[in-house]
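**Q** The structure under discussion is supplied below as C-alpha cells; questions concerning it will follow.
The values are calculated or read from the model by the stated rules, or taken from the named source; none is laboratory data. Note that the structure is a prediction, hence the values are computed from the model and not measured. Here the Cβ positions follow ideal geometry from the backbone for every residue, glycine too, while neighbour counts run over all protein chains shown.
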Amino acid sequence: MSNVSKVYGKLVLNRFVVVLILLIISTKLFSQGTDIKFTHISVDEGLSHLVANFIDQDSNGFIWIGTDDGLNRFDGYDFKVYRSSPDDINSLSDNIITSFFQDENDDIWIGTFEGLNRISHANDSITRYISDIKDDSSLSNNMVLSITKDINGFLWVGTSHGLNKFNIKTGEFKRFISVTNQNLGFLDDEVYRLFIDRQNNLWIHTSISVYKMNIETEIFQKIISLKKSNKVFSHNSFGFSQDVNNDILIGTNEGLFVYSGDDKEIKQYTHDSNNSSSISSDLVTDVIRDSEGVFWVGTRNGLNVFDRKTGEFYSYKQNLANSKSLSNNIVLSIFQDKSGAVWLGTYGGGVNRFSPFSKNFNYYKTPDKHIGNSNDKSIWAILEDRNKNIWWGTNHGVYVMNESTNETRYFGVEEIKGKGIVQEFTGALTEDSKGNIWIGTDGGISILERKYVDQIFENEIDVNFIHINEELRVLNFYEDVVKNKMFVGVFYEGLIEFDMDNLLKAGKWEPKYVLKEYDEFKNEKINIAHVLKKDSILWLGSQNGLVKLNTEINTVKRYRYQQGDAKTVSHNKVYCIQSGEKDILWLATYGGGLNRFNIATNKFKYYTTNDGLLNNVVYNLLVDNKNKLWLSTNKGLSCFDPEKEVFRNYDENDGVQGNEFNQGAFYLSKTGRMYFGGSDGFNAFYPDKVDGSQISPEVMLTSFSIFNTAIKPNKSFSELGISDSPRVVLEKDINEVKNIKLSYKQSVFSIEFAASHYLNPKRNTFEYKLEGFDEKWMLVDSKNRKATYTNLDPGKYVFKVRAANKDGVWNQVIRELEVEISPPFWATNWFYFLSALVFLALVFVVLKIRIGQINLQHFKAQNELKTTMLKEIHHRVKNNLQIVNSLLRMQSSTMNDLKTVEVLKKIQRRVMLMASLHEEMYKTDNLSEIDTKKHFEKIITDLVMAYKLDKEIGLKLDIDPVQFNMDTLIPLGLVVNELVVNSLKHAFIGREKGLIAVLLKKTKLEKEYRLQVSDDGIGIKVDVDVRNMGSKLINSFVRQLKGTVNRLDGEGTIYEIKFKAL
C-alpha cells in the first residue's frame, strides 16, 4: 500500500482515536515466527463437500479427497467428482467416502459406507464389492473405514464389523471377526484405521483397542486397551506414523501414544489445560511425519506440531479474525504430497493446505490486543537496532521486540505525561550512528536516546523522547555520517536537513529546507520518499521523478518520464533507490516496475510484469550480498538476478506476510537479514536461506475437448451430442492415453493440463507446442492451461507440454500425446494411388484410342487397297472359271460320247458353283464370309431349275442364317451340289413331281453344324461309299470339313452330314 495514495489522508482523522493506551506494555507476541498461513479449499473452489475424511495422492500426481458427498480428484485448479448414481452400476456404491488406496497396478480402491470400490486405471471403470450374508468369502460389512496393502499383495479392509483380507486375484475375502477369531487374539470388530509398518506388521485401531498383527502367522497382539469408547465421534480416523527409530505414533481418543518396539515402552501424551505446550485435544484423528522429520498431529481441537525431543506441542487453531488461519478446528486427516505441501481435511471447513517450507520467511505480526477495533495490522517502518531488537511502526504506534525472549514493548501517544511518541502513525524508523532511534510519524519526529534503547527491556524503565514538534509528515531518514547530518524526506516540503550535534547536544533543532534553496523547487510541493547518497551526490526519489542533487556545487537535475522514450524513467513516482555496482542505481517505481539507471550514460532500462515481475507497483528494494535485488510489491516479493535478468517470486503460499506490502517498510541489517512489512505483518529472512523447492512437477493431462465439448471415456460422439457417429475417441482417461486418432471433421480440439506441484499451483508455469505445427514453445501461466488448435491439416502431430514449479524448476520428462488427424477419403494415399491409376488408365485409353484411330485410318487405307485387290482377284478367278466352263462347254459340244459329255457337264456345274462363290465374295462387303442361307437358296434353286425335266419339284429349305468362310463354303457347297443333283437325277424317275428338303442347323457342340439333304423319291439303291465320282467327292469334301456322312432310314433318300466350320 502506498503512504502517499492510501494512508495519510485518512489517518490524520484517526490520530486522536487511540489515546490513553498504556505507555509501556510488555507481552509475548502470539506465535512469533511460527505462524502458518493456510490456503482454504471449499465448495466455492469446487470441492463437493466440506467434510474431508481423507486426502491422498495417486501415482500420476492427482490429489484425491474423500468427502461426505463424493470422491474428488483435484489437479490444483479443477475438481473431477465421482458420485454414486442409482441408475449407473459403473458409479461408486455410496457418496460417503472414507478411505483410499492405490495398488501397484495403479488401480484405486475406495472405501464407502456402502461397500468397497475399485476404479480401474485401464479404463476408469468402477467395480463394487458388496457384503453378502450368504457368502462367507464376501466383504464382512459394507461400512468400509480403512484400506491398506501388505508386501504379499493382499488388500486389508477394515469395516464396522470385522477385518478383511482380500485376495485381488481370486476376488475372495477372508474375514477376521471377534466371534470366530478370539483364539487369534482379535476381540473387537469395529476397525477404524489400518497401518503397515516397515517390518510388514499390520496395526489395527478398533473402537476399544490397538492391535499389532503378524501378517505371516495372522496372530494378533493387543498393544493398547482404551478406556473410552471411540464411538463418541462419528468421523474417527486415528492415524498411525512411524519415525526413523521405528517407533509407532498412534492417535486415539485418549491422546497420542508412542510405542517403542525395542523396549516395549508406551508413552502417552494428553491434553493439559494448565500446560500450553500440551496437545490441544485428547481426540487425535491423524498423525504424519513430514519430509523434514516434523510430526504433525491432527486433533478435534486444532493442528499440532509435536517435538519428539521435548515432548512439547504447538497448536494452530481457527481464528475468526484471521482469514488465513485454520478453517475448522476438527482436523480429520493430514497428508503431505510429493511436492512437500501439507494437506488437512477438516470436519466442516473443507481442505486446508500449507507449505512447511515457508519457515524460510519468518513471519511476525502485531499483537491483537493493541490493534483495537481497527483490525489494522499494517506495518509501515522496520528497524533492527545494534542490540538485535526489532522495531516496527504501525498506524497506532511503535513496537520493539527482543526476538530471543519474545518480549515486546509498545509506544503510543501519552498526552498527559508527555512521555509517548509525538504521533502514533509511524512511517519511518532509523538508528543513527550514535545508537539513537529516530521515529518519523505523521506529525513530527520522536527521538529515543541510546541510554534508553540499551535498557529498553530492563525492568520496563520509563523513557523520555526528544520531540521535534513540527507538523512534519515523515517518509524517510538518511544520515550523512561524515557531515553529521540527518536528512529527512517529508511530504510537501521535500528534503529537510538537521545538524545532529545541535539537535542532540544543545537541544536546538533548526531545520534547513534543502530544496527551497533551488529556484526549481521554491514554489513546488514535493514529497521525498527516499534519500540515497552516492559519491557525494544525493539521489532523491519523489512523486515527480528522480532528483540528482549536488550540494557541493549547488546543482540539481531531474529525470522524468517521457512518453515514447524507453530510455527515460518508466514512472515519475520513485519510491526507493538503491546503489548497484559501479555507476548503477536501482529504482522502485509506483506503476513502472523496476528501473536500472546508468549514471554515466543517463539512460534507464526497466523491468515489468512482462519480464516476470510480480507487479509493477514496487514499494521497496534491497540488495543482498550476491547483488540480487529483493523487491516488495503489491502482489508479493520478487527476487531479481541482474546478471541473468530473471525474477523469482514469492507470495502468501511461501510464508510471505501477505501479497500487499507497504512503502517504507523495509530494512537490511548488518548481518544481511532482510525485513519487509505489509498489510498483515512483516517478514524477516536471510536471502541465502530462502531455498526454493527443487522438486520438479509432473504434468497431467486433465481434459480433451472437441468443438469445446469435453470428451469423456467410453462415450461416443452421439452420446456427447457432437455428431451421430457411434465412434468412441477415448477408451480411458485422457491422462492415460498415449495417442488419439481424429478425422478431418474433428480438427478443432483443445487439451488442458496441470502440474503436480501444489506448494503454490497458481505460480506454476507451462510450456507447450504441437510438433508439426508450432515452431516454438508457448509459455503460459496457470490461468492459461489450455491449448486449442483449429482446422489443422490432416497428418500426425505430437503435443508436448512441460511444467515448472513456483521456483522455476522444470520437469525433465516432457509429456507427449500423439494426435493423428485422418484426411478425407479424397486426400488419402490410397485415393491418390487409385486416382493416379485411373489417370494413367485414362491416359492409356486416350493413347490407345488415338493410336487405334491412327491404326484404323491406316488399316482402312490398307483394307480398302486389300478389298480392291481381293475383289479384283475374286473377279478374275470367277472370270477364269467361267472361261474354263466355256472351254468345257465348247469341248463337250464336239463330243459324241454321251458319257463323256455328261462328265464334262458335271465338271461344268462344279466349276460354275465355285465361280458363283467367288462372285458372291466379290459382291459382299465382307470378303472373308458370306451369307450361307442366301448362297444355298440360290445354288439349290438354280440346280432344280436346271434338272427338273418337266417335273414339278418342290423345295423345302430350313437353313440358319450363318456366316461361313470360303474354306467351309466351297467343300460344303460341293457336297450340297452332289446330293441335290443325285436326288434330281435318281429320286423322281417315273414320277411327275417330288420334294427336296435341305436343312442346316447349329448343334450343341462348339462350331459343329448338321446338314441334312433328303427327298421323297423312290430312294437310291447305291450307298454313299460306292465307287463313283460323286460319292468319292462327297466323302472327300466331308473329310475336309472334319465331319461324317450317314444315310438315314426313312422315306426316300436322307443324308446327314455333321461337320466343323473351318
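**Q** Going through the stretch 335-363 one residue at a time, which ones are part of a strand (DSSP E or B) and either modelled with pLDDT of 90 or more or in contact with a helix residue (DSSP H, G or I) (Cβ under 8 Å, 6 or more places away or on another chain) (or both)? Talk me through it step by step, then tell me what you get.
**A** Taking the stretch 335-363 as the starting set, the residues that turn out to be part of a strand (DSSP E or B) are 335-336, 342-347, 351-354, 362-363.
The answer is Phe335, Gln336, Val342, Trp343, Leu344, Gly345, Thr346, Tyr347, Val351, Asn352, Arg353, Phe354.
**Q** Mind checking which pairs have a first residue in the stretch 99-113 that is in contact (Cβ under 8 Å) with a residue 40 or more places away in the chain and a second that is part of a loop (DSSP other than H, G, I, E, B) and of a type outside the set (Gly, Ala, Ser), Cβ under 6 Å, 6 or more apart or different chains?
**A** What qualifies is Gln102/Asp58; Asp106/His121.
**Q** Please specify each residue of the stretch 189-204 satisfying the condition of being of a type in the set (S, T, N, Q) and touching a residue at least 24 places away in the same chain (Cβ under 8 Å). If you could, list the steps in order and put the result at the bottom.
**A** Within the stretch 189-204, the subset of a type in the set (S, T, N, Q) is 199-201.
Within the stretch 189-204, Gln199, Asn200 meet the criteria.
**Q** With modelled with pLDDT under 90 and in contact with a strand residue (DSSP E or B) (Cβ under 9 Å, 6 or more places away or on another chain) as the only criterion, which of Lys860, Lys806 stands out? Even if it seems obvious, please write down each step before you answer.
**A** Details: Lys860 fails: in contact with a strand residue (DSSP E or B) (Cβ under 9 Å, 6 or more places away or on another chain).
Selected residue: Lys806, the only one of Lys860, Lys806 that is modelled with pLDDT under 90 and in contact with a strand residue (DSSP E or B) (Cβ under 9 Å, 6 or more places away or on another chain).
**Q** Do any strands (runs of 3 or more DSSP E) entirely within the stretch 82-184 hold 2 or more residues that are aromatic (Phe, Trp, Tyr), and if so, which? Steps first, please.
**A** Values: elements: 97-102, 108-112, 115-119, 126-129, 144-149, 155-159, 162-167, 172-176.
Once the strands (runs of 3 or more DSSP E) in the stretch 82-184 are filtered for at least 2 residues that are aromatic (Phe, Trp, Tyr), what remains is 97-102, 172-176.
**Q** Looking only at residues that are among the charged types (D, E, K, R), touching a helix residue (DSSP H, G or I) at 6+ places or on another chain (Cβ under 9 Å) and not in a loop (DSSP other than H, G, I, E, B) in the stretch 465-523, which one is surrounded by the most Cβ atoms within 10 Å (Cβ to Cβ)?
**A** Per the stated criteria, the residue is Glu493.
**Q** What tally of residues in the stretch 677-736 results from selecting those that are assigned to a strand (DSSP E or B), surrounded by 20 or more Cβ atoms within 10 Å (Cβ to Cβ) and either touching a helix residue (DSSP H, G or I) at 6+ places or on another chain (Cβ under 8 Å) or among the polar types (S, T, N, Q) (or both)?
**A** Residues meeting the conditions: 8.
**Q** Further question on the same structure: What's the total number of residues in the stretch 737-779 that are aliphatic (A, V, I, L, M) and surrounded by fewer than 16 Cβ atoms within 10 Å (Cβ to Cβ)? Steps first, answer last, please.
**A** So in the stretch 737-779, the residues aliphatic (A, V, I, L, M) come out as 737, 740, 742, 748, 751, 754-755, 759, 770, 778-779.
Subset that is surrounded by fewer than 16 Cβ atoms within 10 Å (Cβ to Cβ): 748, 778-779.
Count: 3.
**Q** Considering (1) of a type in the set (S, T, N, Q); (2) crowded, with 21+ Cβ neighbours inside 10 Å; (3) part of a loop (DSSP other than H, G, I, E, B), say which one Asn595 fails and leave the rest.
**A** Just one mismatch for Asn595, condition (3).
**Q** Would you call Ser146 surrounded by 16 or more Cβ atoms within 10 Å (Cβ to Cβ), in contact (Cβ under 8 Å) with a residue 12 or more places away in the chain and either closer than 24 Å to Val210 by Cβ or outside the structural domain of Asn714 (by TED's automatic domain parsing) (or both)? It would help to see each step written out before you state the result.
**A** Numbers: surrounded by 16 or more Cβ atoms within 10 Å (Cβ to Cβ): yes; in contact (Cβ under 8 Å) with a residue 12 or more places away in the chain: yes; either closer than 24 Å to Val210 by Cβ or outside the structural domain of Asn714 (by TED's automatic domain parsing) (or both): yes.
In short, yes.
**Q** Considering only residues that are surrounded by fewer than 20 Cβ atoms within 10 Å (Cβ to Cβ), within 18 Å of Gly593 (Cα to Cα) and of a type outside the set (S, T, N, Q), which ones fall in the stretch 525-544?
**A** Within the stretch 525-544, none qualify.
**Q** Oh, and also: Could you list all residues from the stretch 132-156 that are under 14 Å from Phe195 (Cβ atoms) and charged (D, E, K, R)?
**A** Matches in the stretch 132-156: Lys149, Asp150.
**Q** Now a separate question. For the stretch 282-297, does any single residue satisfy the condition of being charged (D, E, K, R) and without any contact (Cβ under 8 Å) to a residue 24 or more places away in the chain?
**A** Narrowing the stretch 282-297 to residues charged (D, E, K, R): 282, 286, 289-290, 292.
Then drop every residue that is not without any contact (Cβ under 8 Å) to a residue 24 or more places away in the chain, which leaves none.
Scanning the stretch 282-297, I find no residue that is charged (D, E, K, R) and without any contact (Cβ under 8 Å) to a residue 24 or more places away in the chain, so the answer is no.
**Q** Mind listing just one residue for me: the one in the stretch 288-343 that is over 19 Å from Leu249 (Cα atoms) and of a type in the set (Lys, Arg) and, of those, surrounded by the most Cβ atoms within 10 Å (Cβ to Cβ)?
**A** Lys324
**Q** Here is a follow-up. Go through the stretch 285-327 and give me each residue that's part of a loop (DSSP other than H, G, I, E, B) and among the polar types (S, T, N, Q). Walk me through how you get there before you give the answer.
**A** Within the stretch 285-327, the subset part of a loop (DSSP other than H, G, I, E, B) is 290-294, 300-301, 308-311, 317-327.
Matches in the stretch 285-327: Ser291, Asn301, Thr310, Gln318, Asn319, Asn322, Ser323, Ser325, Ser327.
**Q** Take the conditions in contact with a strand residue (DSSP E or B) (Cβ under 8 Å, 6 or more places away or on another chain), modelled with pLDDT of 90 or more and under 24 Å from Glu403 (Cα atoms) and apply them to Gly444. Does it pass? So that I can check it myself, show each step before the final result.
**A** Working: in contact with a strand residue (DSSP E or B) (Cβ under 8 Å, 6 or more places away or on another chain): yes; modelled with pLDDT of 90 or more: yes; under 24 Å from Glu403 (Cα atoms): no.
Judged against the criteria, Gly444 is not a match.
**Q** Please note which strands (runs of 3 or more DSSP E) are completely contained in the stretch 874-992 and include at least 3 residues that are modelled with pLDDT of 75 or more and charged (D, E, K, R). Steps first, answer last, please.
**A** Working: elements: 929-931, 952-959, 963-965.
The strands (runs of 3 or more DSSP E) meeting that bar are 952-959.
**Q** Collect the residues in the stretch 467-484 that are within 16 Å of Thr426 (Cβ to Cβ) and in contact with a Ser or Thr (Cβ under 7 Å, 6 or more places away or on another chain), keeping them in residue-number order.
**A** Selection gives His467, Val474, Phe477.
**Q** Show the residue pairs meeting these rules: Cβ distance below 6 Å; 6+ apart or different chains; first residue within the stretch 639-651 and touching a residue at least 12 places away in the same chain (Cβ under 8 Å); second residue among the hydroxyl-bearing types (Ser, Thr, Tyr).
**A** Phe647/Ser638; Asn649/Ser638
**Q** Is it the case, given these coordinates, that Asn610 is in a strand (DSSP E or B), of a type outside the set (A, V, I, L, M, F, W, C) and closer than 26 Å to Gln563 by Cβ? Show your work before the answer.
**A** Values: in a strand (DSSP E or B): no; of a type outside the set (A, V, I, L, M, F, W, C): yes; closer than 26 Å to Gln563 by Cβ: yes.
Answer is no for this residue.
**Q** When you scan the stretch 566-579, do you find a residue that is under 28 Å from His467 (Cα atoms), surrounded by fewer than 20 Cβ atoms within 10 Å (Cβ to Cβ) and aliphatic (A, V, I, L, M), even just one?
**A** No; the residues of the stretch 566-579 include none that is under 28 Å from His467 (Cα atoms), surrounded by fewer than 20 Cβ atoms within 10 Å (Cβ to Cβ) and aliphatic (A, V, I, L, M).
**Q** Which condition does Asp688 not pass, out of (1) under 26 Å from Ile584 (Cβ atoms); (2) in contact with a strand residue (DSSP E or B) (Cβ under 7 Å, 6 or more places away or on another chain), if it passes all the others?
**A** With respect to (1) under 26 Å from Ile584 (Cβ atoms); (2) in contact with a strand residue (DSSP E or B) (Cβ under 7 Å, 6 or more places away or on another chain), Asp688 is out only on (2).
**Q** A further question follows. For the subset of the stretch 371-425 comprising residues that are part of a loop (DSSP other than H, G, I, E, B) and aliphatic (A, V, I, L, M), which member is modelled with the lowest pLDDT? Before you say what the answer is, go through the steps one by one.
**A** Residues of the stretch 371-425 part of a loop (DSSP other than H, G, I, E, B): 371, 375-380, 385-389, 395-396, 403-406, 412-425.
Filter once more, keeping what is aliphatic (A, V, I, L, M): 371, 379, 413, 416, 421-422.
Numbers: Ile371: 60, Ile379: 96, Val413: 85, Ile416: 40, Ile421: 90, Val422: 89.
Ranking the qualifying residues of the stretch 371-425, first place goes to Ile416.
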